[in-house]
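Take a look at the structure below.
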Number of protein chains: 2
Amino acid sequence: MTNSTESIQAAQADLPAATAGSRLDPWVSAYASRASSMTASEIRSLFAVASRPEVVSLAGGMPYVSALPLDEMADTIASMIRERGATALQYGSGQGDPVLREQITEVMAEVGIHAHPDDIVVTTGSQMALDLVVRVFCDPGDVVLVESPSYVGALGVFRAYECNVVHVAMDEQGLNPVALEETIKRLQVEGKKIKMIYTIPSYHNPAGITQGPDRRKDILSIAKSNGILILEDDPYGLLGFDGVVPRAIRADDADGVVYLGSFSKTIASGLRVGWALAPHGVREKLVLAAESAILCPSNYAQFTVSTYLATKPWRDQVAVFRDVYRERRDALLDTMKVLMPAGTTWTVPTGGFYSWVTLPEGMDSRAMLPRAVNALVAYVPGTGFYVDGQGRQSLRLSYCYPTPERIKEGVRRLASVVEQELELIATFGPDALPHTEMPNFSSTPAPDVR
Amino acid sequence: MTNSTESIQAAQADLPAATAGSRLDPWVSAYASRASSMTASEIRSLFAVASRPEVVSLAGGMPYVSALPLDEMADTIASMIRERGATALQYGSGQGDPVLREQITEVMAEVGIHAHPDDIVVTTGSQMALDLVVRVFCDPGDVVLVESPSYVGALGVFRAYECNVVHVAMDEQGLNPVALEETIKRLQVEGKKIKMIYTIPSYHNPAGITQGPDRRKDILSIAKSNGILILEDDPYGLLGFDGVVPRAIRADDADGVVYLGSFSKTIASGLRVGWALAPHGVREKLVLAAESAILCPSNYAQFTVSTYLATKPWRDQVAVFRDVYRERRDALLDTMKVLMPAGTTWTVPTGGFYSWVTLPEGMDSRAMLPRAVNALVAYVPGTGFYVDGQGRQSLRLSYCYPTPERIKEGVRRLASVVEQELELIATFGPDALPHTEMPNFSSTPAPDVR
């Protein structure tokens, strides 16, 4: 117990300059241990610059909600408020609206899941579902296995709960089963507690890779034989470009998988409606954790989704989104093929929002970012998708939000930045590049990088 | 690391009967330490019964949202979607919409607070703000000082983060400064880390008490001289019945108080829009914690609140709510005065939703609840508002939701249940009462008891 705010400030007067930013905070010594992992990255201010209209942002994961029929939705929502406003504007169930949970089972049937509405918990976006699962399962130091690379927002949650995040290699089919098994064995020998395998099997963020059916079976089998929970994150599952909807891992195992779903990409991200489907005992814990976290999800947002699902041809709308994103993916890949310097490689996503680009040997995507933003194009450096400093040679490009023309222009700008860096390296060696030191990427996702 | 799901189940086969409920859960040994505090109470099933229409529920804290002009709101929301749908349905800032945060400063000016929008974090209801503050400040075992009694939803959060909750006595002016100072001294001597004082100064839930201006000054002064943060929870501040709006504690100290506000009672609880106003350094941590928890609050709900504040006479609507609740409070108090057996006492709330009733000596509100529900009236037993088993002789009555006529009928039923219990005790002694053992009250609020 410190005796006064003043004495806390006094005690900090001789802190080193590196922590000067927190010197103004009289509560700095009162925070919980977990708060030390909650640090903002300077890269966030760079993204503030990158949100200027003249910059082509290939960084953000914002869905193209302008493709929605806004006038129709306005009418539908108005009717919903007129007819059911007294309930829509009231507190609701902590677990989520029963009618919506029933509808969610129909949505999940598209990815092969047959579930009971009682095993679903509706959340403020699937990010909250992720937070709740980790809250329920992970003590500080517990191991979470993640892909290499993995979703920045999930890494932020694991860090917030002081988990020990261990990356497992991917190949062109996604999470590599041999590497997974080796990692598990090694950690077991070390006596570590492995609490879950976090995976995005379909249209991976950021890798743009999809696990095939056999790969999914292998991963599930390894998880089960080791008694490890799979946390399957599936926000993009319905956004495949080739008429194929990958079967969820959860479709083949109800007891060993927590499945996270979201309406952010199939309807609208601004509603913040996602869900977890969990084994029954886990679901009970999740509901209690959810009530502690927010009392109950918004009836207003839930009724909006529910009314939309019941009255709109939502599958047709998802098809519209697929067409929009396929065209944009093509714009990205076709232009990269023509313009990116030799030695650059990238994944070819068959759905979703992202391609993972690997730059020629010796390049550093994080160091390059300020120069890219200066050339009016933004991306997310690969290091953001690792907890251990990997990813310097890679970056994530998203094609979900800008128009195809803007995407082409963005790639043109990016290709020319990469070329300039390569020329400098070729002529003067890697040290010729201006060195812009960047801190480790944000422990939580910046608003623009989800 | 357990080797397989099957072996976990096998290992539990010989567990004692008391844990039979969890025997079906193969993940029971995989949960985090904090999950052990996440237990549902059997009282929840009782509330499921109590939600039948024939039961008069004086238990819930649901605002009377039917008093809202639903048709007008439907039109306003529809225009908002038509004009700004592409933004309203999109991801937004993790900290919350800047326009709404500016408007929130105007709302807080009503309770005497002059703040900068940059120090506000918008959350999924103020429950989430509470969760974030505790997440940022509290390690397991840290002490949180709370009133006697205190809000059940806050106690759930403190328990979820494994805090050491210590109750401090109240008197007719609220949190007692002498008791507060004694408790702090005692805990300091014991070497405990006191992280915050959680208080609801205005129209307390559940006590129905309001701190006067001098009382607030005393509490602030004690907190400051001991370097302890005040967490001021103020959902009811604008709902005073006598034309008085109590000045918030935060109005007199920007550095030592985190203030929690909510639109749940002034507009609509189903929107789930609340906020925290925090000292600058704390605010930074809260934003990072919020992004990790939900990425960003719903633009849809925020724009709805923002449009409502900008286009509707919201102060007039709050005045309507005040009139509604004043009439209902009068119905409750007047009927209790006439009908409740001698020896029963209650607080006289000057605003808000609740009165705290203390039964005659020897009575047990928790044991009585099943019999009350049987007589078609429900309340929340006092034990729910303590972590330590206090409160058996008390109960919370809420007058916010049922009509005055229903409230009168509810009190009639309750009075007759109390009378019957008293007669049994008088004739045969306390052991004559049927003993219905109840587990400790839920660690999280049941949907109906917020």
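Between B:Ser66 and A:His114, the modelled label-to-label distance comes to 4.2 nm, taking each label 7 Å out from Cα in the direction of the beta carbon. By the Kirkwood approach, averaging reciprocal distances over each pair of separate Cα atoms, the range B:195-261 gets a hydrodynamic radius of 12.0 Å.
Our analysis of the range A:90-311 gives Rg over Rh at 0.95, with the two radii drawn from alpha carbon positions and Rh computed by the Kirkwood formula. Translational diffusion of chain A, estimated by Stokes-Einstein from the Kirkwood radius over alpha carbon pairs at 37 °C in a medium of 0.692 mPa s, is 141 µm² per second. Hey, if you drop one equal point scatterer on each alpha-carbon of the range A:41-144 and run the Debye formula without solvent, what base-10 log of I(q)/I(0) do you get at q = 0.17, 0.21, 0.23 Å⁻¹? Treating every Cα as an identical point scatterer, log10 I(q)/I(0) equals -1.15, -1.19, -1.23. Modelled label positions at A:Lys312 and B:Thr403, each set 7 Å beyond Cα in the direction of Cβ, lie 3.7 nm from each other.
Across the range B:297-308, computed HN-Hα scalar couplings (Karplus, 6.51 cos²θ - 1.76 cosθ + 1.60, θ = phi - 60°) run x, 5, 4, 4, 5, 5, 5, 4, 4, 4, 5, 4 Hz from first to last residue, x flagging Gly and Pro. Within 11 Å, Cβ to Cβ, of B:Val373, how many net charges do the neighbouring residues add up to if Lys/Arg are +1 and Asp/Glu are -1? Net charge in that neighbourhood comes out at +2.
Near A:Gly362: Cβ cut-off under 11 Å, other residues only, Lys/Arg at +1 and Asp/Glu at -1. The net charge is -3.
Treating only the Cβ atoms of Lys and Arg (+1) and Asp and Glu (-1) as charged, compute the dipole magnitude of the range A:90-311 about its Cα centre; round to the nearest 20 debye. Show your work: numbers first, answer last.
Details: 18 positive and 27 negative charges, 66 e Å.
So the dipole magnitude of the range A:90-311 works out to roughly 320 debye.
Each residue of the range A:203-218 was assigned a 3J(HN,Hα) from its phi angle through the Karplus curve 6.51 cos²θ - 1.76 cosθ + 1.60 (θ = phi - 60°); the sequence is 6, 4, 9, x, 6, x, 10, 10, 6, x, x, 5, 4, 4, 4, 4 Hz, with glycine and proline shown as x.
Could you give the size of the charge dipole of the range A:74-137 about its Cα centre, using +1 on the Cβ of each K and R and -1 on the Cβ of each D and E, expressed in debye and rounded to the nearest 20? Could the numbers behind the result be given before it?
Details: 4 positive and 9 negative charges, 48 e Å.
Using Cβ point charges on Lys, Arg, Asp and Glu, the range A:74-137 gives about 240 debye.
Shielding of A:57-64 by partners, i.e. mean partner chain Cβ atoms within 10 Å per residue? The shielding value for this peptide is 1. Look at where the Cα atoms of the range B:312-372 and of the range B:228-260 average out, and the two centres are 22 Å apart.
Counting every C-alpha pair in the protein assembly as shown, the share spaced more than 46 angstrom apart comes to 26%. The shape of the range A:114-153 can be summarised by an equivalent ellipsoid whose semi-axes, obtained from the alpha carbon gyration tensor, come to 22, 14, 11 Å from longest to shortest. Peptide A:269-278 is shielded by partner chain Cβ atoms: per residue, an average of 5 of them sit within 10 Å of its Cβ.
Taking each DSSP H run with n ≥ 4 as -39500 (n - 2.57) and averaging over every residue of chain B yields -13000 deg cm²/dmol at 222 nm.
Pairwise Cα distances in the range B:301-343 exceed 18 Å in 54 percent of cases.
Determine the relative contact order of the range B:70-311: mean sequence separation of Cα pairs under 8 Å and six or more apart, normalised by residue count, in whole percent.
After rounding, I find 29 percent.
Pairs of alpha-carbon atoms within less than 8 angstrom and 6+ residues apart define the contacts here; what relative contact order does the range A:166-244 have, in percent? Don't skip to the end; give the middle numbers.
Details: 79 pairs, mean separation 25.8, N = 79.
Relative contact order of the range A:166-244: 33 percent.
Using a 7 Å projection from Cα along Cα-to-Cβ, the label point at B:Asp431 is separated from the same position in the remaining copies by 9.2 nm, smallest value first. Extending 7 Å from Cα along the Cβ direction at B:Asp253 and again at B:Ala179 yields two label points whose distance is 2.0 nm. Take each residue of peptide B:130-139, count the partner chain Cβ atoms within 10 Å of its Cβ, and average: the result is 5. Estimated from the Cβ-Cβ distance and a Förster radius of 45 angstrom, the FRET efficiency linking A:Glu327 and A:Arg82 is about 0.75.
What FRET efficiency comes out for B:Gln188 versus A:Glu162 if R0 is 30 angstrom and r is the Cβ-Cβ distance? Round to the nearest 0.05. Let's see the in-between values first.
Numbers: r = 28 Å, r/R0 = 0.93.
FRET efficiency, B:Gln188 to A:Glu162: 0.60.
Working from Cα pairs under 8 Å separated by at least six residues, relative contact order for chain B is 24 percent. Lysines near A:Lys285 by alpha-carbon distance under 22 Å, same-chain residues fewer than 8 away left out - which ones? Hits, sequence-local ones excluded: A:Lys193, A:Lys195, A:Lys224. With R₀ fixed at 22 Å, the C-beta to C-beta distance from B:Val99 to A:Glu106 puts the FRET efficiency at about 0.05. Summing +1 for each Lys or Arg and -1 for each Asp or Glu among the other residues whose beta-carbon sits under 11 angstrom from that of B:Thr105 gives -4.
Around the amide H of A:Gln390, modelled in the peptide plane, lies no amide H under 5 Å away from a residue 5 or more places distant or on another chain.
Every number in this text was worked out from the coordinates using simple rules, so none of it is lab data. Just so it is clear, the structure is predicted and the values come from calculations on it, not from any experiment. Note that each Cβ is placed from the backbone with ideal geometry, even for glycine, and that neighbours are counted across all protein chains shown.
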